[in-house]
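Engineer: Next up is a structure, given as structure tokens.
Every number here is computed from the coordinates shown, using simple stated rules; none is lab data. Bear in mind the structure is a predicted one, so any value in this text is a computation, not a measurement. Cβ placement follows ideal geometry from the backbone for every residue including glycine, while neighbour counts extend to all protein chains displayed.
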Amino acid sequence: MRAYYQRIPLTANESFLCRRLRVRNFLSLWHFHSEYELTLIITARGMRYVGDSVERFDDGDLLLLGCNLPHVWWKDKEDRRMAEAVVIQFSADFLGADWLHAPEARSIAALLTSSSRGLSISGTTREQVADGMREINAMKPWNRLLALLTLLGTLAANHRKNRPLATTGYQPRLQPQEQERMGRVCNYINANYADEVSQPEAASIVGITPAAFSRFFFRHAGKTFEEYVNEIRIGQACWKLHVSDSTISEIAFAVGFSNLSNFNRRFREIKGVTPREFRREMPVGK
């Protein structure tokens with residue numbers, strides 16, 4: 001996996017990008033761009049990484065991402081469906097340099113400021129915005145522009161209910177070499193979380209010493225390597241608790257924990273409840 005600065009390709013006839021994707025897998029690169037991004041996952045489930053946030057995603061997931069916020073979606077190998085999503089990317093000045101200073105746009109400006117950590121949209125707002133996003137790509141250019149402003153207005157009217165993803169202290173570092181290294185580490189973790197994941201091995205993958213790697217990883221992820229791996233494993237465990245009838249111990253070993261007591265302890269630290277309580281609140285099946 002190679003991380004990079006993504007340039008958003010616009011034609012001469014569009015001021016923002018709007019695409020409906022239908023692919024086997026999403027772009028599996030830890031990347032960032034200077035545009036804001038509104039993404040609706042129509043069909044896919046897996047893990048998503050936004051700054052220092054590590055969470056599962058599923059059908060209907062809706063995010064607003066701020067400028068230069070690193071992110072990637074990893075679709076589950078077990079999900080054999082085609083991945084489908086609607087992606088809208090736009091710059092802060094796509095309507096001109098000063099449009100966000102207009103009195104009518106104050107709430108949208110506040111929304112975009114709060115998106116610097118990434119926002120997860122839920123409830124009726126998600127339903128309204130998702131409905132609009134499913135239709136926007138088929139519209140004529142003028143109607144598409146009006147639709148985007150309507151979507152942003154809907155999000156802005158309820159922006160205090162949106163859930164930030166990255167932590168308040170997260171500050172992305174955008175040096176290309178370090179972003180590329182971070183991408184390779186994320187690739188290694190994602191491919192091996194169910195087995196043994198070693199910090200020395202991760203350090204060797206990016207060609208630095210274990211001591212330097214520890215500082216490097218914390219600077220970019222906002223947490224230790226062990227904490228990051230545990231969050232990925234617990235995220236996968238949550239999904240298995242939700243959709244399978246496997247025992248808790250079977251799930252613990254399946255996501256990479258070597259003993260049940262450590263799994264239970266980490267699960268409670270991250271989710272605030274025990275695995276048994278989580279399963280009881282989130283019944284098997286979907």
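Engineer: Given 0.36 nm per residue, what is the gain on full extension from Ser204 to Thr224 after removing their alpha carbon distance, in nm?
Structural biologist: That pair, Ser204 and Thr224, stretches by 5.5 nm at full extension.
Engineer: For the chain, set up a GNM with springs between Cα atoms under 10 Å and report which of Ile108, Ile189, Ile270 has the largest fluctuation.
Structural biologist: Ile270
Engineer: While we're on this one: At 15 Å minimum axial length over the Cα atoms and a Kyte-Doolittle cut of 0.5, report the qualifying DSSP H helices in the chain, or say none.
Structural biologist: Passing helices, by number: 141-157.
Engineer: At 222 nm, what value in deg cm²/dmol follows for the chain if DSSP H runs of at least 4 each add -39500 (n - 2.57) and the sum is divided by all its residues, to the nearest 500?
Structural biologist: -13500 deg cm²/dmol
Engineer: How big is the gap, in Å, between the Cα center of segment 209-237 and the Cα center of segment 81-160?
Structural biologist: First find each Cα centre; the distance between them is then 32 Å.
Engineer: Under 8 Å for C-alpha pairs, at least 6 residues apart: give me the relative contact order for the chain, rounded to a whole percent.
Structural biologist: 18 percent
Engineer: Quick check on my link table: of Lys75/Lys140; Lys77/Lys223; Lys223/Lys271; Lys75/Lys240; Lys77/Lys240, which ones sit more than 22 Å apart, alpha carbon to alpha carbon?
Structural biologist: From Lys75/Lys140; Lys77/Lys223; Lys223/Lys271; Lys75/Lys240; Lys77/Lys240, over 22 Å: Lys75/Lys140; Lys77/Lys223.
Engineer: Between Ser91 and Arg160, how high is the FRET efficiency from 1/(1 + (r/R0)^6) when r is the Cβ-Cβ distance and R₀ = 30 Å? Nearest 0.05.
Structural biologist: 0.75
Engineer: Using a Gaussian network model of the chain whose springs link C-alpha atoms within less than 10 Å, name the residue from Ala254, Ala166, Ala97 with the highest mean-square fluctuation.
Structural biologist: Looking only at Ala254, Ala166, Ala97, the biggest GNM fluctuation is shown by Ala97.
Engineer: Starting from the Cα-Cα distance between Arg280 and Thr124, subtract it from 0.36 nm times their residue separation and give me the gain in nm to one decimal.
Structural biologist: 53.6 nm
Engineer: When the chain is treated as a GNM, springs tying every alpha-carbon pair under 10 Å, which of Lys140, Lys161, Lys75 comes out with the largest mean-square fluctuation?
Structural biologist: Maximum among the listed residues: Lys140.
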